[in-house]
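Shown next, in structure tokens, is the structure this report addresses.
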Amino acid sequence: QVQLVASGGGLVQPGGSLRLSCAASGSIFSIYFMGWYRQAPGKQRELVASMTSGYSTNYADSVKGRFTISRDNAKNTMFLQMNSLKPEDTAVYYCNVRTAVAIAWGQGTQVTVSS
């Protein structure tokens with residue numbers, strides 16, 4: 001079992017930045033995939049950034065060049081650095097990890113981009 005606690009959301013003006021964090025606990029040694037998803041009102045949840053255990057990363061076209069996924073193994077924490085934020089980035093953001101036997105989700109953190 002893996003438990004995730006997400007934090008760092010908030011209200012930011014267009015062009016601003018936020019950094020989301022996701023602290024993991026439990027059976028983290030077997031994690032092979034880490035990702036950040038988001039879900040805007042009336043839309044399906046979408047994958048915006050991911051990282052494998054081998055540090056390979058992937059980004060949705062809509063966030064390439066603006067978002068960066070990273071992790072701190074010593075602190076068992078993953079991050080999503082979001083720069084040049086746009087109103088269309090407004091959503092609830094969820095962290096996600098996968099192991100050989102389970103999929104875990106964080107509780108979601110609201111990001112609102114508005115002037």
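FYI, it's all coordinate maths here, none of it is from the lab. The model shown is predicted, which means the values in this text are computed figures rather than measured ones. Positions of Cβ are generated from backbone atoms using ideal geometry, with glycine treated the same way; all protein chains shown enter the neighbour counts.
Annotation: extensible slack from Lys43 through Asn76 equals 8.8 nm (criterion: 0.36 nm per residue apart, minus Cα-Cα distance). A crude spin-label estimate for the pair Ser7 and Asn58, with each label 7 Å from Cα along the Cβ direction, gives 3.0 nm. Cross-link partners for Lys64 among the lysines, with Cα-Cα distance under 16 Å and sequence neighbours closer than 8 places in the same chain left out: Lys86.
Taking all C-alpha pairs of the chain, those more than 20 Å from each other amount to 35 percent.
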